[in-house]
1. Considering each of Arg229, Arg187, Arg216 in turn, give the residue that is at pLDDT below 95 and of a type outside the set (Phe, Trp, Tyr).
2. With in the same structural domain as Phe508 (by TED's automatic domain parsing) and within 20 Å of Pro681 (Cα to Cα) as the only criterion, which of Arg547, Arg616, Arg582 stands out?
3. May I ask you to list the residues in the stretch 265-278 that are modelled with pLDDT of 95 or more, assigned to a loop (DSSP other than H, G, I, E, B) and crowded, with 17+ Cβ neighbours inside 10 Å?
4. Is it the case, given these coordinates, that Ala227 is in contact with a Gly (Cβ under 9 Å, 6 or more places away or on another chain), among the small types (Gly, Ala, Ser) and crowded, with 18+ Cβ neighbours inside 10 Å?
5. Look at Gly649 and say whether it is crowded, with 18+ Cβ neighbours inside 10 Å and at positive phi.
6. Pick out the one residue from Arg514, Arg495, Arg545, Arg477 that is modelled with pLDDT of 95 or more and over 30 Å from the mean Cα position of the chain (by Cα).
7. Give me the residue from the stretch 294-324 that is more than 13 Å from Phe377 (Cα to Cα) and in a loop (DSSP other than H, G, I, E, B) and, out of that set, farthest from ligand 1 (Cβ to nearest atom).
8. Identify, from the list Ala292, Ala398, Ala310, Ala330, the residue that is within 11 Å of ligand 2 (Cβ to nearest atom), modelled with pLDDT of 95 or more and under 25 Å from Ile450 (Cα atoms).
Amino acid sequence: LSKSSQIVSGLALITFKLFLQALEDGLKKADADPSVKAVMICGENGKFSAGADIRGFSSPKRHGVALSPIVSLIESSEKPVVAAIEGVALGGGLEVALGCHYRVAHAKARMGLPEVTIGLLPGAEGTQRLPRLIGVPAALDMITTGKHIPATEALKLGLVDEIVEENTIEAAIRLANKVIGQPLEPRRLSLKPVPKLPNMEAFLREALVKVKRQARGCLAPELCVQAVRAATERPFAEGVRRERELFGLLLSSGQAQALQYAFFAERAVRRWAAPGGASWSSAAPQPVRKAAVIGLGTMGRGIVTSLVKANIPVVALEQDLEYLNKGRKAVMLLLEREAMKMEGGAQTLDFHNPARLQFTVDFDLLCDVDLVIEAVFENMALKKEIFHKLSKICKPGALLCTNTSALNIDEIASATNRPQQVIGTHFFSPAHVMRLLEIIYGRHTSPTAIATAMQLAKALKKVGVVVGNCFGFVGNRMMFPYVQQAVFLLEEGSRPEAVDQVLEDFGFKIGPFRMSDLAGLDVGWRSRKEQGLTGPSLAAGTPARQRHGQRYSPLPDLLCEQGRFGQKTGKGWYQYERAGGRTATPDPWLHDFLSQYRDTHGIQSRFIDQEEILERCLFSLINEGFAILAEGIASGPEHLDVIYINGYGWPKHRGGPMFYASTVGLPRVLAKLQKYSEAHPDVPGLRPNAFLKKLVAVRSPPLKEWMSYLSHQSPKL
Ligand SMILES: CC(C)(COP(=O)(O)OP(=O)(O)OC[C@H]1O[C@@H](n2cnc3c(N)ncnc32)[C@H](O)[C@@H]1OP(=O)(O)O)[C@@H](O)C(=O)NCCC(=O)NCCSC(=O)CC(=O)CCCCCCCCCCCCC(=O)O
Ligand SMILES: NC(=O)C1=CN([C@@H]2O[C@H](COP(=O)(O)OP(=O)(O)OC[C@H]3O[C@@H](n4cnc5c(N)ncnc54)[C@H](O)[C@@H]3O)[C@@H](O)[C@H]2O)C=CC1
């Protein structure tokens with residue numbers, strides 16, 4: 001290989017015009033130069049390529065030079081072309097490597113076709129070449145999930161020819177030298193047949209059913225299957241034409257924009273900002289070498305599991321030995337399951353080692369931890385008592401976190417001698433699975449505390465979103481009007497299964513009533529009793545369906561009074577096969593109960609169509625989102641969207657509630673809220689928020705400009 005024979009791509013991201021042109025020029029030059037015997041393509045700075053610049057897909061001037069012809073050019077080269085893959089080879093980057101005749105990867109490299117995750121499919125012939133190289137099942141798995149696979153797996157699949165621990169470029173050059181003169185025909189993937197399966201048709205049919213079920217309305221996985229099917233049924237060139245057609249469909253579907261927005265939103269929320277100018281760029285986190293979790297109930301056990309998985313030693317504390325033993329058993333079970341999913345199993349997690357995980361009822365053992373996460377019952381007095389104790393026992397620098405789902409962080413902090421180190425870390429259930437960590441700063445929370453909580457989120461492989469302190473914070477505060485509307489719809493004539501169906505068809509993983517049964521109706525009941533909305537503290541003579549002059553539905557309270565707490569008791573909004581059962585079946589008892597309830601309260605039952613169900617639930621949630629933005633509880637709509645996608649099962653291909661509002665059109669959202677508010681004047685959640693009205697008045701600017709229309713910063717910021 002002469003020096004001039006090496007073509008170095010020079011960019012980790014393919015910026016189409018510059019990189020592709022350079023690649024094409026270089027390839028042509030190498031082909032024309034008789035002194036060049038082989039070509040090696042590598043990346044710069046230890047990265048092969050992360051694929052196309054995603055921002056380019058939504059730009060009106062999309063890729064001036066197309067990738068496919070270049071991949072074909074590489075493949076048709078008369079001189080062997082070897083890809084030297086370091087770092088990542090993703091999307092268009094991997095498609096370039098598939099055009100090469102040989103692929104050498106560093107052992108730490110990762111490869112994938114993640115286009116499906118941004119609403120697309122591999123559009124540079126990847127859906128046609130990959131099945132030819134690694135077979136349909138493995139290719140379909142990579143293309144429909146978008147997962148990144150490690151080099152070791154790529155070698156097993158035959159995606160790469162060799163993996164090396166040392167210098168990949170030298171290894172690729174060595175391989176290139178070795179293969180000079182060997183026939184290239186068998187290395188050109190476009191000329192290879194797709195390996196046959198005895199049951200190809202049935203396999204593809206089942207694959208389609210599976211991705212449709214999982215995709216919940218997201219188009220890309222289904223179209224990926226169709227593109228791979230084309231590879232199995234058509235000659236290469238026709239398969240490519242089909243791939244291009246399907247790519248075009250996805251590009252104009254709207255879902256691709258939503259998913260690409262979500263990709264950047266998730267990264268944007270890392271750049272947090274809080275009152276007084278504190279931000280990600282200036283605040284430094286403190287190390288968390290050891291942590292504690294208080295309370296090993298539903299949430300605590302998942303939080304412990306998360307910490308252990310992140311290799312952070314944990315002290316797990318309960319109120320007494322009985323609860324401790326129950327909690328220990330549950331944690332061990334979760335960890336065993338997690339270990340089974342990991343290479344190296346229990347040894348990797350090392351959770352039987354007391355230096356890594358210790359169970360106790362003794363608060364004194366918390367004296368040397370760097371961070372405590374409290375996850376006891378949702379009760380202010382109890383939380384204050386615990387935080388008071390912690391501030392006496394924990395070392396001065398320790399961060400004190402609460403997993404409260406709604407309570408006031410400042411009030412909890414007031415029980416300590418270090419309010420600057422008190423912060424909300426709101427995990428979502430199940431805590432070792434859900435990606436969201438809502439991080440709530442109080443009036444006195446220090447920038448270091450926020451930075452440390454964000455760093456913790458990263459260590460736990462979660463998405464941290466920093467928000468301000470208010471009842472329910474962002475996620476639950478937006479959820480209240482949504483669930484409230486769902487219950488009002490039952491009062492007016494609908495049924496739980498009808499409401500759930502509409503929202504599940506929209507793409508939610510689970511509708512509001514299934515969700516409520518899963519979480520337990522008693523959780524909200526306890527909170528409403530604490531707020532004096534129901535139970536013994538409710539003033540005598542309070543109208544059944546009114547609180548503080550506003551509409552209130554006692555339906556959830558009435559179910560709880562009947563012992564219907566949801567899945568845990570085998571009955572809630574649905575009936576289940578047994579207490580703890582998971583299969584929800586519509587319950588005739590509940591239907592009769594709803595009829596009687598309507599009769600008792602003189603409510604005329606009416607048919608409620610899908611549009612009304614969807615709009616009242618979603619628009620009231622979005623309306624609350626505008627209130628949150630206007631109050632400065634979150635720094636931008638992206639925060640709300642990331643929270644909803646990662647914590648509440650909002651369908652990612654719809655981009656989050658605020659993005660969805662922007663696609664529906666703010667004037668339409670406003671008009672519908674006005675209409676429903678006129679019909680239900682006693683429901684504040686339907687009254688259009690002033691910020692929404694203002695945005696409509698200034699002709700609905702694009703979402704990224706919304707915050708600039710808040711004329712004054714709210715007192716919270
Ligand atoms: C690469 C990563 C694994 C790195 O992760 P990490 O280290 O954790 O860093 P991050 O914080 O994630 O990223 C850092 C920084 O980089 C930004 N970024 C990362 N990747 C991209 C990207 N691909 N584009 C743009 N920006 C990117 C990221 O946003 C961060 O910046 P910040 O936002 O400012 O903080 C990880 O980042 C990752 O996984 N990235 C995504 C990789 C990916 O999805 N790649 C695939 C891209 S799509 C692609 O490659 C497809 C193609 O190339 C095929 C093109 C085919 C075109 C053919 C067209 C033919 C069509 C014919 C029909 C047309 C019809 C018609 O025109 O209508
Ligand atoms: N369950 C859920 O889906 C979510 C709950 N949360 C919040 O997380 C917190 C915990 O909720 P869950 O885990 O659901 O409650 P839970 O009732 O399942 O568990 C609470 C645990 O705290 C323990 N505990 C009580 N007093 C204690 C004390 N003095 N010392 C040590 N341990 C004590 C109890 O023994 C019990 O095991 C609450 O603040 C809740 O609002 C937040 C997100 C979701």
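1. When all the criteria are applied, what remains is Arg216.
2. Arg547
3. Val269, Trp272
4. Working: in contact with a Gly (Cβ under 9 Å, 6 or more places away or on another chain): yes; among the small types (Gly, Ala, Ser): yes; crowded, with 18+ Cβ neighbours inside 10 Å: yes.
In short, yes.
5. For Gly649, the condition - crowded, with 18+ Cβ neighbours inside 10 Å and at positive phi - is met.
6. Arg545
7. Asp320
8. Ala292
The values are calculated or read from the model by the stated rules, or taken from the named source; none is laboratory data. Predicted, not measured: the structure shown is a model, and the values here were computed from it. All Cβ positions, glycine included, derive from the backbone under ideal geometry; neighbour counts span all protein chains shown.
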